[in-house]
1. Which one of these is within 22 Å of M1 (Cβ to Cβ), surrounded by 13 or more Cβ atoms within 10 Å (Cβ to Cβ) and out of contact with any strand residue (DSSP E or B) (no Cβ under 7 Å at 6 or more places or on another chain): Y97, Y109?
2. For the condition under 23 Å from K99 (Cβ atoms), of a type outside the set (F, W, Y) and surrounded by fewer than 13 Cβ atoms within 10 Å (Cβ to Cβ), what is the one hit in G73, G16, G62, G44?
3. Based on what the data block shows, is S78 polar (S, T, N, Q) and surrounded by 19 or more Cβ atoms within 10 Å (Cβ to Cβ)?
4. Quick check on my filter: what residues within region 73-129 are without any contact (Cβ under 8 Å) to a residue 60 or more places away in the chain, more than 24 Å from H11 (Cβ to Cβ) and aliphatic (A, V, I, L, M)?
5. Mind checking which helices (runs of 4 or more DSSP H) fall wholly inside region 46-129 and carry at least 1 residues that are of a type in the set (V, I, T) and within 22 Å of K27 (Cα to Cα)?
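Here, each number is a calculation from the coordinates, and none is a lab measurement. Not measured: the values here are computed from a predicted model. All Cβ positions, glycine included, derive from the backbone under ideal geometry; neighbour counts span all protein chains shown.
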Amino acid sequence: MNEVLKQVSAHIEFFGYSVQYEQGVLKAQHTTKPSFSVHTLAGGVLFRALFTLGKGATDNRGELLDFLDRANGMTIVSRYHTLEQTMAIDAWYPASYTKASFGTFFEQYLADMQGPGTAFLPLTNKLFS
């Protein structure tokens, strides 16, 4: 595990996540917050949370694209996009770790994952249930 992944691992454990390192990927799970993985990429690390698309998303592609567009319009550090039958929420963090800057980034990543789902709750329920 490289140095930035070690630092990220220790920091997200502080937020209550359990962390496993497997095949070059850091996997983080929490009892009440979204799970995600962390991958080394382009001089930093990529955070990726995956959510399975429901029948409502596959049957209503236009509404899914509307949700993604609206979500991307309100997030700060993240981007929403689809990968086959899943939705991904990605965010990239540079390898220059400091506790303060990472803490700010990570809190915003968590907010970016929660905000659109809450703001568009009826549509979220339709697409991901």
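1. Y97
2. G16
3. Yes; evaluated as a whole, the condition is true for this residue.
4. M74, L83, M87, A119, L121
5. Details: elements: 55-59, 61-74, 99-119, 121-128.
Passing ranges, in order: 99-119.
Okay, residues lined up against (1) of a type in the set (A, V, I, L, M); (2) out of contact with any helix residue (DSSP H, G or I) (no Cβ under 9 Å at 6 or more places or on another chain):
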{"residue": "Y21", "(1), (2)": "no, no"}
{"residue": "P34", "(1), (2)": "no, no"}
{"residue": "L41", "(1), (2)": "yes, yes"}
{"residue": "G44", "(1), (2)": "no, no"}
{"residue": "T52", "(1), (2)": "no, no"}
{"residue": "L64", "(1), (2)": "yes, no"}
{"residue": "R79", "(1), (2)": "no, no"}
{"residue": "E84", "(1), (2)": "no, yes"}
{"residue": "I89", "(1), (2)": "yes, no"}
